[in-house]
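Asks: Can you read through this structure? Questions will come right after.
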Ligand SMILES: Nc1nc2c(ncn2[C@@H]2O[C@H](COP(=O)(O)OP(=O)(O)O)[C@@H](O)[C@H]2O)c(=O)[nH]1
Ligand SMILES: [Mg+2]
């Protein structure tokens, strides 16, 4: 509890837009000092930020300590608890570009904010009870989604889809537990069979719901992490051609000279909304290719291939011995 109070007592800031050039970049400030900081750094006509209405924008400039202009900005005002973190929040919309946004952030930090840790705004949203853990996880999934389908699953989760299902299971289990407790007062032979049958049936329902929810975990993981598919085979059999054809772009060099691909190339290919992490590899040499069933030379796709997954790969692989992984 002590730690939690400390965490939430200070004011944090970060650049919230992606790095690189862009029309605008957004700096977010959250915490008790937000409006003092905003008043310090903002120059514009009309009242200072601390006297603005929530959910309004103000046009003006962010200035340095000496009053010199750093950037022309729009400021958006939000008041606790009606913000993402449930704290006082201000967004500064400045011009995009690495230097410019870093200068704005530096000014905000100079005025008293602390640089936010990765995910700290979402952490505050969680600590203040605005979102639960499954929703916090969904925020990251949504940001990192690599296909429409993955983004759709993250949005469902963010909207509380998983929370609702878990709560439902919990409530049903608690209601069975309550009824079981009530039956304890009765001697066993006086309990009507119908009561026990009903409890058994409801417990089966809880069990079924849990199994069903658990079965969606695998699909979620595939959408989140993608499926790793390695194109392996002898040099010059058309592995790079296959990768390019699937991606619809000339990502890998195709050549009739064997051994053109020297290093592995990884690209994401979306198949039915599922991100497939396609890996084109250098060819496998004759020496390690002398496995018993490896003679065909056809391009071969493995759905699992990594050091961690090598064990499982040997189970799924039909054509290559596990030792070939060192050539990839
Ligand atoms: N005839 C024919 N040639 C192909 C085919 N696929 C690839 N090639 C050619 O085979 C050569 C080697 O292809 P590449 O994709 O670089 O093979 P990799 O070494 O396995 O990556 C190139 O000259 C390609 O144009 C195919 O389906 N048919
Ligand atoms: Mg190649």
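Here, each number is a calculation from the coordinates, and none is a lab measurement. No experiment lies behind these values; they were computed from the predicted model shown. As a convention, Cβ positions derive from the backbone with ideal geometry for all residues, glycine included, and neighbour counts pool all protein chains shown.
Asks: So, R0 is 51 Å and r is the distance between the beta-carbons of residue 274 and residue 24; what FRET efficiency does that work out to, to 0.05?
Replies: 0.95
Asks: Note the full-extension length gain between residue 182 and residue 68 as 0.36 nm times their separation in residues minus their Cα-Cα distance, in nm to one decimal.
Replies: That works out to 33.7 nm of additional length.
Asks: Over segment 57-135, what is the relative contact order in percent, taking alpha-carbon pairs closer than 8 angstrom and at least six residues apart?
Replies: 24 percent
Asks: In Å and on Cα atoms, what radius of gyration and Dmax does segment 172-271 show?
Replies: 28.7, 86
Asks: How large is the translational diffusion coefficient of segment 139-220 in µm² per second when you combine the Kirkwood radius over alpha carbon pairs with Stokes-Einstein at 4 °C and 1.567 mPa s?
Replies: 85 µm²/s
Asks: I would also like to ask the following. Taking every DSSP beta bridge with both residues inside segment 2-130, roughly what % is antiparallel (nearest 5)?
Replies: Restricted to segment 2-130, the bridges split so that about 95 percent are antiparallel.
Asks: Using alpha carbons only, how many angstrom separate the centre of segment 73-136 from the centre of segment 27-47?
Replies: Cα centres, segment 73-136 to segment 27-47: 12 Å.
Asks: In Å, the Kirkwood hydrodynamic radius of segment 1-116 over pairs of distinct alpha carbons?
Replies: 14.1 Å
Asks: Then there is this: Which FRET efficiency, nearest 0.05, do residue 9 and residue 79 yield, Cβ-Cβ r, R0 22 Å? Let's see the in-between values first.
Replies: Numbers: r = 18 Å, r/R0 = 0.81.
Computed FRET efficiency for residue 9 and residue 79: 0.80.
Asks: Continuing with the same structure: Report the relative contact order of segment 139-220, percent, no decimals, based on alpha-carbon pairs under 8 angstrom and at least 6 residues apart.
Replies: After rounding, I find 29 percent.
Asks: Still on this structure, please answer the following. Could you work out how much longer the chain between residue 142 and residue 200 gets when fully extended? Use 0.36 nm per residue separation minus the Cα distance between them, nm to one decimal. Let's see the in-between values first.
Replies: Working: separation 58, 0.36 × 58 = 20.88 nm, distance 3.95 nm.
16.9 nm is the gain from fully extending residue 142 to residue 200.
Asks: Using a Debye calculation, one point per C-alpha and no hydration shell, please list log10 I(q)/I(0) for segment 125-166 at q = 0.20 Å⁻¹ in order.
Replies: For segment 125-166 at q = 0.20 Å⁻¹, log10 I(q)/I(0) is -0.54.
Asks: Using 7 Å Cα-to-Cβ label points, what is the residue 216/residue 266 separation (nm, one decimal)?
Replies: With each label placed 7 Å out from Cα toward Cβ, I get 2.8 nm.
Asks: Gain in length, residue 171 to residue 103, computed as 0.36 nm per residue apart minus the alpha-carbon separation, to one decimal in nm?
Replies: Working: separation 68, 0.36 × 68 = 24.48 nm, distance 5.11 nm.
Stretched out fully, the residue 171 to residue 103 stretch lengthens by 19.4 nm.
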